[in-house]
Amino acid sequence: MSCTHWLCCRVCSSVTGSLIDVSQQQLDEDCAADKLTKLQTGQSAENYSKLLMDKGFDILHKLAADKENCRAMSNSQGLLSKVVAPLSSNLVHPIDHDATSTSIVAKSLQVLSLLMASPAETGAQLCSQISNDKEAIQGMERILSCRGCSEDVRILTNKVLTQLGMGIDEESLRVNKVLLGDILRRG
């Protein structure tokens, strides 16, 4: 097993809770150690948590570039739901498209795209799981219909929705085509 594959297995198994859980744990430890320093510098806990999530997605993006890692990541219980969490939670819109939230959403979409492009069963299974996640699909709908979202994020969203349409059964494909057509007519 190569170092990269070993690292992916370690990261996926240790991240089973989620990027958010890992970020929260790190945040709690750091806050306990230097809460006063963070308050003095004006760095909020929410911003710190977002920065940790952003870095976590950087790591996942690098790992997902390898197809063997994609397989290990797809088998990691709960990881997919955490990768789509920025989409499901509508992270980018409540704070008016701030740079960190936009970056997290873009990286979430990039990781999703890499995971869904996995060969054979792995990619098809992930497409099916994402297609059935109504909150994630609604989050992507909001991105496509939002004039305030960056063009890059909208392009990534369209790419993910297109990949979804290519890796699922006929009925889901028909529903996604209708859904995508509705979204594009609105936008």
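Taken as a whole, the structure leaves A117 outside the set of residues that are in the same structural domain as D98 (by TED's automatic domain parsing), under 25 Å from N75 (Cβ atoms), of a type in the set (G, A, S) and at pLDDT 90 or above.
Matching residues to (1) under 22 Å from G165 (Cβ atoms); (2) touching a Lys or Arg at 6+ places or on another chain (Cβ under 7 Å); (3) of a type in the set (D, E):
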| position | (1), (2), (3) |
| --- | --- |
| K62 | no, no, no |
| A65 | no, no, no |
| A72 | no, no, no |
| V92 | no, no, no |
| A106 | yes, no, no |
| V111 | yes, no, no |
| L115 | yes, no, no |
| S145 | yes, yes, no |
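In summary, helices (runs of 4 or more DSSP H) completely within the range 1-103 and bearing 2 or more residues that are surrounded by 15 or more Cβ atoms within 10 Å (Cβ to Cβ) and modelled with pLDDT under 50 occur at 3-14, 19-41.
Selection of the range 130-150 for residues being farther than 12 Å from L91 by Cα and either β-branched (V, I, T) or out of contact with any Leu (no Cβ under 8 Å at 6 or more places or on another chain) (or both) yields I130, N132, D133, K134, I137, Q138, S145, C146, R147, G148, S150.
Restricting L144, L115 to residues that are under 14 Å from the mean Cα position of the chain (by Cα) and either surrounded by 16 or more Cβ atoms within 10 Å (Cβ to Cβ) or closer than 23 Å to E46 by Cα (or both) narrows the list to L115. Applying the set (1) within 25 Å of R185 (Cβ to Cβ); (2) without any contact (Cβ under 8 Å) to a residue 40 or more places away in the chain to C149 leaves exactly one unmet item: (2). Test N158 against the criterion of being modelled with pLDDT of 90 or more and either in a helix (DSSP H, G or I) or surrounded by fewer than 16 Cβ atoms within 10 Å (Cβ to Cβ) (or both), and give yes or no. When the stated conditions are applied, N158 passes them.
Annotation note: Cβ proximity below 8 Å between a residue of the range 51-76 that is charged (D, E, K, R) and a residue that is in a helix (DSSP H, G or I) and at pLDDT 90 or above (sequence gap 6+ or interchain) occurs for D54/S103; D54/I104; D54/K107; D58/K107.
The values are calculated or read from the model by the stated rules, or taken from the named source; none is laboratory data. In this text the structure is predicted, and so the values were computed from the model without any measurement. Heads up, the Cβs are rebuilt from the backbone with ideal geometry, glycines too, and the neighbour counts pull from every protein chain shown.
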